[in-house]
Number of protein chains: 2
Amino acid sequence: MFELHHQLEKDSLFAANAGGCQIRVIQDARYFWLLIIPEIEDALDLHDLDPFSYDRVSRLVRHCSIGLKRAAGASKMNVAAIGNVVPQLHIHVVARNPSDAAWPQPVWGVGTPQAMSPTEQEWRLAVARDLASTFTDTMV
Amino acid sequence: MFELHHQLEKDSLFAANAGGCQIRVIQDARYFWLLIIPEIEDALDLHDLDPFSYDRVSRLVRHCSIGLKRAAGASKMNVAAIGNVVPQLHIHVVARNPSDAAWPQPVWGVGTPQAMSPTEQEWRLAVARDLASTFTDTMV
């Protein structure tokens, strides 16, 4: 039975389900940053996913990266599965810009998360929900 | 026409081709760290790959992550496409351990690369070549 890690629960807001994953929004105004979390018990490394789930999750990551880049007007997308601190498998999809707080460094461990305004939060959740609703696991 | 970015050329050694990619070994004794570089002109974000190439590259990443974890005796694999500094698409596959130089932080921007011994270098290249030769782009 899948249970979300308490740290991921604390750091992010649930937006929607798609492709067997939760899509969540990291609570940090500095970056439009999604987490994609396969609801699969005991998955730690990305390669722990069986080939079918792996392909599906990878395609969801691609879909979210394309859509988030457009929605956020980002100049670069960062996609990563790290998990050294929180071991439960989670994939970061982060919209980056040369003016953001960590550029050109990766976002992890830089400074302190900043609170979002209610309007910003609602907008980000709506973008994430739209990405979930437009995802279809097809090769195209 | 694909041309490798000079910084990637400088930081890593060519090991083999597989799945339309170069597999390269980062020149840093501190981590067993592979780069997977699709030989596709003008690819910057991971999602710039068309769906067919994306699936193939993703499967190569999975194959390398599984094999490198085993070969290196790693406790965690870090997989990432970042590219804020070097824009040409390159995917990091890094074998991590709690005793390594950056743990639990990501490896980027931490300290200075350390030279590998010739023996270590040859072994890492042999592991990478073996991963290339055992890759088959199939679902199973």
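Just give me the residues in region A:15-46 being surrounded by fewer than 16 Cβ atoms within 10 Å (Cβ to Cβ) and assigned to a strand (DSSP E or B), in sequence order. Listed by number, the list holds a single entry, A:ASN17.
Looking only at region B:84-125, residues that are under 14 Å from the mean Cα position of the chain (by Cα) and not in a loop (DSSP other than H, G, I, E, B) come to 8 in all.
As a summary of the residue check, B:VAL79 satisfies the conditions (1) in contact with a helix residue (DSSP H, G or I) (Cβ under 6 Å, 6 or more places away or on another chain); (2) hydrophobic (A, V, I, L, M, F, W, C); (3) crowded, with 23+ Cβ neighbours inside 10 Å; (4) part of a helix (DSSP H, G or I) except for the one numbered (4).
Filtered by the rule that a residue be touching a Pro at 6+ places or on another chain (Cβ under 7 Å), closer than 21 Å to A:GLN7 by Cβ and either of a type in the set (Gly, Ala, Ser) or more than 8 Å from chain B (Cβ to nearest Cβ) (or both), region A:69-102 gives a lone residue, A:LEU89.
Among the residues of region A:124-139, those that are at pLDDT 95 or above and exposed (fewer than 15 other Cβ atoms within 10 Å of the Cβ) comprise A:ALA126, A:ASP130, A:SER133, A:THR134. Of the residues that make up region B:11-22, is at least one touching a Gly at 6+ places or on another chain (Cβ under 7 Å) and closer than 18 Å to B:ALA80 by Cβ? No - not one qualifying residue is present in region B:11-22.
For (1) at pLDDT 95 or above; (2) under 30 Å from A:ASP137 (Cα atoms), each residue gets a yes or a no:
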| residue | (1), (2) |
| --- | --- |
| B:MET1 | no, no |
| B:LEU4 | yes, no |
| B:ASP11 | yes, no |
| B:TYR31 | yes, no |
| B:ILE37 | yes, yes |
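Among residues of region B:102-120 that are within 15 Å of A:GLY83 (Cβ to Cβ) and without any contact (Cβ under 8 Å) to a residue 12 or more places away in the chain, none has a Cβ under 6 angstrom from a residue that is of a type in the set (Val, Ile, Thr) and assigned to a helix (DSSP H, G or I) at a sequence gap of 6+ or on a separate chain. For region A:103-110, check the following and say yes or no: at least one residue is within 8 Å of chain B (Cβ to nearest Cβ), touching a Lys or Arg at 6+ places or on another chain (Cβ under 8 Å) and at pLDDT 95 or above. Yes.
Just so you know, in region B:48-68 the residues that are touching a His at 6+ places or on another chain (Cβ under 9 Å) and of a type in the set (Val, Ile, Thr) include one that is farthest from the other protein chains (Cβ to nearest Cβ), and it is B:VAL61.
Out of A:PRO118, A:PRO106, A:PRO87, report the one residue that is surrounded by fewer than 17 Cβ atoms within 10 Å (Cβ to Cβ) and closer than 30 Å to B:ARG62 by Cα. Lay out the reasoning, then the answer.
Values: A:PRO118 fails: closer than 30 Å to B:ARG62 by Cα; A:PRO106 fails: surrounded by fewer than 17 Cβ atoms within 10 Å (Cβ to Cβ).
Answer to the selection: A:PRO87.
Within region B:1-50, the set of residues being basic (Lys, Arg) and in contact with a strand residue (DSSP E or B) (Cβ under 6 Å, 6 or more places away or on another chain) comprises B:ARG24 only.
Pairs linking a residue in region A:7-25 that is free of Cβ contacts under 8 Å to residues at least 24 places away in the same chain to a residue that is crowded, with 18+ Cβ neighbours inside 10 Å, with Cβ atoms under 7 Å and 6 or more positions apart or on different chains, are A:SER12/A:ARG24; A:SER12/A:VAL25; A:SER12/A:ILE26; A:SER12/A:LEU35; A:PHE14/A:GLN22; A:PHE14/A:ARG24; A:GLN22/A:ILE37. None of A:ALA72, A:ALA95, A:ALA102 is in contact with a Gly (Cβ under 9 Å, 6 or more places away or on another chain), closer than 12 Å to A:TRP33 by Cα and among the hydrophobic types (A, V, I, L, M, F, W, C) except A:ALA95.
The values are calculated or read from the model by the stated rules, or taken from the named source; none is laboratory data. Being a predicted model, the structure only gives us computed values, none of them experimental. Here the Cβ is made from the backbone with ideal geometry for all residues, glycine too, and neighbour counts use every protein chain on show.
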